[in-house]
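The values are calculated or read from the model by the stated rules, or taken from the named source; none is laboratory data. Every value quoted in this text rests on a predicted model; they were computed, and no experiment measured them. Using ideal geometry, Cβ is built from the backbone for each residue, glycine included, and neighbour counts are taken over all protein chains shown.
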């Protein structure tokens, strides 16, 4: 044992200080939703979770019915200046270009290869579908999974330069974990590609592939060298947006969610579907109000337009999360690790 | 405290007997898969589960990848003399008949209402689709759910007179529970209707709706009195049979199963898909060999035909569960309660 030769007074002060620091650390560590500022949004969420999980509460919900659904683009991670899946498509087109000499003269490929994304997208939905078809079809599901994983590990966001895993909203990641810690199942219900999300949602959000719902291309079963493979075709499977969201929630979950988070008019039907069930409900919109730390947009935006859902949310008392006001920090640590 | 006036010898004997009985009871209670007879099938299953869940084993599989899929008709419950969903359709047609006077002259309805199911089905697939359309479409998903629940609680199997919940194979129910107790997720992948199964799979099999995959009619989102509802249309959604099984496993689970149980050629693709993954695999066929306690059928059967899958299973060493040999009892208790 080492001899402590400090004065009794200094020893006592040091002990008291250590004790105070320990208390403070414990208090900070145990404050739920640490990236959320005190305010109406954080309070409403904590209150809802407490009410629905307290067996003594009139609003108690059995664990099996604790289903919470989340849009992805603009709700769990950013979506500006374009849906991130588009950057994956563009990078794949660049990668595949040597095998497609015709692309040097064909739009939207010509513009993509010239680095002019704006011009490439001038062709509207047709151009986007052409890029998706060229970059997403013909692969086996296993090969596509590997391609997404590789891209996700190396690609960088075009304006922030951060890995895409670091474009995830830390407050939302905390919310997902908080819900799961209280017996909730967390699901993604996104207009994005189901096969594009699944390779990384478990590591980044803690959401396993079977709890991811999204848009898809139809797949076809083939035997290659006697081994069955699923091949992604050019035929549209599901479009998981607007009416598609409740339809696919029914298809995949078969149970009405009691909590739903979205950020755009594409999420309105999902929020209405969630709200229409009996019992306690939490319907929420993430409102992009923070031009400094993220982006500020709603009614006039091309990506993530939020107008009808904002009006209906106001009329029906849905929770509106004001990013500038409610979030103490926006993004996950730059290394993108889940905590 | 009561005085024990028996002789010391009798007291000791009684104690020893009580102890022996307690040991025996504990041994019986803890023997896993109690309705399975000792033999190669039970041994192979227990060995697979032990190997894949022992962290020290070379065959260890992390919990997230422990996905086991099960066909339903003929694998988890009986399917003779016809898929049970057909009896639901028939009962609904009878119930709806007063609103459809035209059915008294229209096949297959005329024969159904006359109680002649055989004649009704003489029209083949077209007749079945007509019965499904008449009995399954136009309802909201909520109304359909309620109709199935009511039917399931009251209907009786046409030849055994038992509730349909008591037509479930007790050994398979034990297997589902054994797998879950070892960190497996159990899924149904059935040619039967997804909306027909979900109302009762949780109570009967312990499988929640989000882990049920099946065939479906497309649904349409409508507003009725300002409330969103999903309406079952006459348009086919998914056909979860043959190639459809791997396709929908990918759609719903997004991860390859490591264990698969089926009983017919409709399950062959699912078994091949499961077998084609790397690492330990358990592919199994339930073989209906017991004409006394259940039904005996395979190659020549109209319902649940098993020929190609049996041949391929033999060639590839898949487990074949021989119902007559391997199961000490076949059906769940007559009250249909999950134990």
Which of the residues that make up the stretch A:259-282 are away from every other protein chain (no Cβ under 13 Å) and either farther than 16 Å from residue A:61 by Cα or free of Cβ contacts under 8 Å to residues at least 12 places away in the same chain (or both)?
A:261, A:262, A:263, A:264, A:265, A:266, A:267
Return the residue satisfying two criteria in turn: it lies in the stretch B:301-310 and is at pLDDT 95 or above and more than 18 Å from the chain's Cα centre (by Cα), and of such residues it is nearest to residue B:118 (Cα to Cα).
B:307
From the set of residues in the stretch B:240-258 that are more than 8 Å from chain A (Cβ to nearest Cβ) and in a loop (DSSP other than H, G, I, E, B), which is farthest from the chain's Cα centre (by Cα)?
B:256
Scanning the stretch A:290-311 for residues that are in a strand (DSSP E or B) and crowded, with 19+ Cβ neighbours inside 10 Å gives A:297
Kindly check whether there is at least one residue in the stretch A:313-329 that is touching a strand residue (DSSP E or B) at 6+ places or on another chain (Cβ under 9 Å), part of a helix (DSSP H, G or I) and under 27 Å from residue A:62 (Cβ atoms).
yes
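Among the residues of the stretch B:64-80, are any surrounded by fewer than 15 Cβ atoms within 10 Å (Cβ to Cβ), modelled with pLDDT of 95 or more and closer than 28 Å to residue B:201 by Cβ? Don't jump to the end; show me each part of the working.
The initial filter retains those residues of the stretch B:64-80 that are surrounded by fewer than 15 Cβ atoms within 10 Å (Cβ to Cβ), namely B:64.
This time we only want the ones that are modelled with pLDDT of 95 or more, so: B:64.
Checking which are closer than 28 Å to residue B:201 by Cβ leaves us with B:64.
Among the residues of the stretch B:64-80, at least one is surrounded by fewer than 15 Cβ atoms within 10 Å (Cβ to Cβ), modelled with pLDDT of 95 or more and closer than 28 Å to residue B:201 by Cβ, which makes the answer yes.
One line per residue, one yes/no per condition, for (1) under 23 Å from residue B:208 (Cβ atoms); (2) touching a residue at least 60 places away in the same chain (Cβ under 8 Å); (3) over 26 Å from the mean Cα position of the chain (by Cα):
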residue: B:34; (1), (2), (3): no, yes, no
residue: B:57; (1), (2), (3): no, no, yes
residue: B:76; (1), (2), (3): yes, yes, no
residue: B:100; (1), (2), (3): no, no, yes
residue: B:106; (1), (2), (3): no, no, yes
residue: B:117; (1), (2), (3): no, no, no
Would you check if there is a residue in the stretch B:292-310 being free of Cβ contacts under 8 Å to residues at least 40 places away in the same chain and within 19 Å of residue B:259 (Cα to Cα)?
yes
Which of (1) under 25 Å from residue A:32 (Cα atoms); (2) not in a strand (DSSP E or B) does residue A:283 not meet, given it meets every other one?
(2)
Considering (1) touching a residue at least 12 places away in the same chain (Cβ under 8 Å); (2) surrounded by fewer than 21 Cβ atoms within 10 Å (Cβ to Cβ); (3) in contact with a helix residue (DSSP H, G or I) (Cβ under 9 Å, 6 or more places away or on another chain); (4) more than 30 Å from residue A:193 (Cβ to Cβ), say which one residue B:237 fails and leave the rest.
(4)
Flag if residue A:203 is surrounded by fewer than 23 Cβ atoms within 10 Å (Cβ to Cβ), touching a residue at least 60 places away in the same chain (Cβ under 8 Å) and either facing chain B (nearest Cβ under 10 Å) or farther than 25 Å from residue A:128 by Cβ (or both):
yes
Within the group A:214, A:237, which residue is within 11 Å of chain B (Cβ to nearest Cβ) and at pLDDT below 95?
A:237
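Can you confirm whether residue A:223 is within 9 Å of chain B (Cβ to nearest Cβ), out of contact with any strand residue (DSSP E or B) (no Cβ under 7 Å at 6 or more places or on another chain) and in a strand (DSSP E or B)?
For residue A:223, the condition - within 9 Å of chain B (Cβ to nearest Cβ), out of contact with any strand residue (DSSP E or B) (no Cβ under 7 Å at 6 or more places or on another chain) and in a strand (DSSP E or B) - is met.
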Looking at the stretch B:18-137, what helices (runs of 4 or more DSSP H) fall wholly within it and have at least 1 residues that are over 30 Å from residue B:330 (Cα atoms)?
B:84-96, B:109-113, B:117-120, B:124-136
Failed item, numbered, when residue A:156 is tested on (1) within 14 Å of chain B (Cβ to nearest Cβ); (2) farther than 16 Å from residue A:76 by Cα
(1)
